[in-house]
Amino acid sequence: MNAPSPQNTPELHELLAFYMEAGVDEALTEEPVDRFAEAAQIRSPARAASAPEQPSSSPDRRNQSAGAPAFAENNPAAPPPAQRVPAAAAVPDEAQVQLARQLATRASNLDELREAMAGFDGCNLKFTAKSLVFADGNPNAALMLVGEAPGRDEDLEGLPFVGRSGRLLDRMLAAIGLDRTSAYIANVIPWRPPGNRTPTPHETEICRPFIERQIELVNPKVLVNLGGPSAKTLLNTTEGILRLRGNWRAHTTASGAAIPAMPTLHPAYLLRTPAHKRLAWRDFVEVKMKLRSLS
Ligand code: URA
C-alpha cells in the first residue's frame, strides 16, 4: 500500500471500513509489524539477521516472553507449524490450567482473587486486552450474573456489561427491581478476546478455575448464566441455550455446594433477536420468584 497522502486517503478510508466490518476495531501495537519479513526471517535467519529489531515495548514481545505462541493461529503470513521457531519455553495449556487452579484455590477473598488473576500470565488473551475485567456490582448480593467475555467497551472501562448489551442488561435487572447495587456481575473470561472473537476451548479451560472460585467466594443465592458459553461452562452441559433457558439447574462449587442457576439468553443475542426478549423476561420473573422464596 502507498504511504498515506491526500491522494490516496479515500483508499485508506475504504480499507479502514473493511477492517471495521471484519471486526478489527483497534490497532494492537504502536508500530506496524511486517509479518512477511517475520516469515522470511524464519525461512532464512542469516539473511534476516541484519533486519531492524522491533521495539521492545511491542506486545508481540510480551507474548513471546510469556510463553505465548509467536504466531497467531489465523495469520495468513505465518509459516506452517513445522517451520515455526518455538517461543521461549512454551508452557503446556494443562500446566496453565493447573496453575490457575492453584492460584484460585489459594485466594481466600475476592481481592486476593483479583490480584491473583492480574498476576497470572497463562492466558494469551491478557496480552491483547487493555484491562482485567473482574466484576461489577455488589459482592454481597443474592444474585450473581455471569456472561461470556468482555467486549470493546468493557475492555476500555475495565467493567463488565457497560456497552449496548450492558444497557439492556440493566433494563432487564430493573424489570425485576434490581440494579448493580443489588446484583454482582462477572464473565467466564476476564480479558477481551481480540476483535471479540469467540474464546477458544483452551482459553475457557484456563480461565474456568477463576470464575468458579469467584462464584464460590461470592456465594450467591441464585446464579444467572447469560448465554450459551456461560451456561455450558458453569453447568457442565453441551446443550444449546434455547433448550437450557428457563429451566433451573445447579452450579456445583468445589466445596460441593449447589447454587440454583437459571440459564437465559444473552443480552447481545436479544439485541439481534428482539422477538426473544419475552423468553428472557419469563426467565427473569422466575429468578425474581426464586430470590423471594429464598430470602
Ligand atoms: N458480553 C459479555 O458476555 N460480557 C460483557 O461483559 C459484555 C458483553
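Summary of computed values
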| read-out | value |
| --- | --- |
| The stretch 206-236: number of residues that are open to solvent by less than 10 Å² (accessible area, probe 1.4 Å), out of contact with any His (no Cβ under 6 Å at 6 or more places or on another chain) and under 12 Å from ALA186 (Cα atoms) | 7 |
| Filter result for LEU169 (in contact (Cβ under 8 Å) with a residue 24 or more places away in the chain and within 28 Å of SER293 (Cα to Cα)) | yes |
| Residues of the stretch 250-281 classified as open to solvent by 80 Å² or more (accessible area, probe 1.4 Å) and farther than 21 Å from PHE161 by Cα, total | 3 |
| Answer residue from the stretch 237-249, given it is open to solvent by 50 Å² or more (accessible area, probe 1.4 Å) and of a type in the set (D, E, K, R) and is nearest to LEU168 (Cα to Cα) among those | ARG243 |
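The values are calculated or read from the model by the stated rules, or taken from the named source; none is laboratory data. All values reported here derive from a predicted model rather than from experimental measurement. Cβ sites come from the backbone with ideal geometry, for glycine too, and all protein chains shown count toward neighbours. For the accessible areas, the whole protein counts, side chains as well, though only heavy atoms, and no ligand, DNA or RNA atoms are used. Shrake-Rupley method; radii C 1.70, N 1.55, O 1.52, S 1.80 Å.
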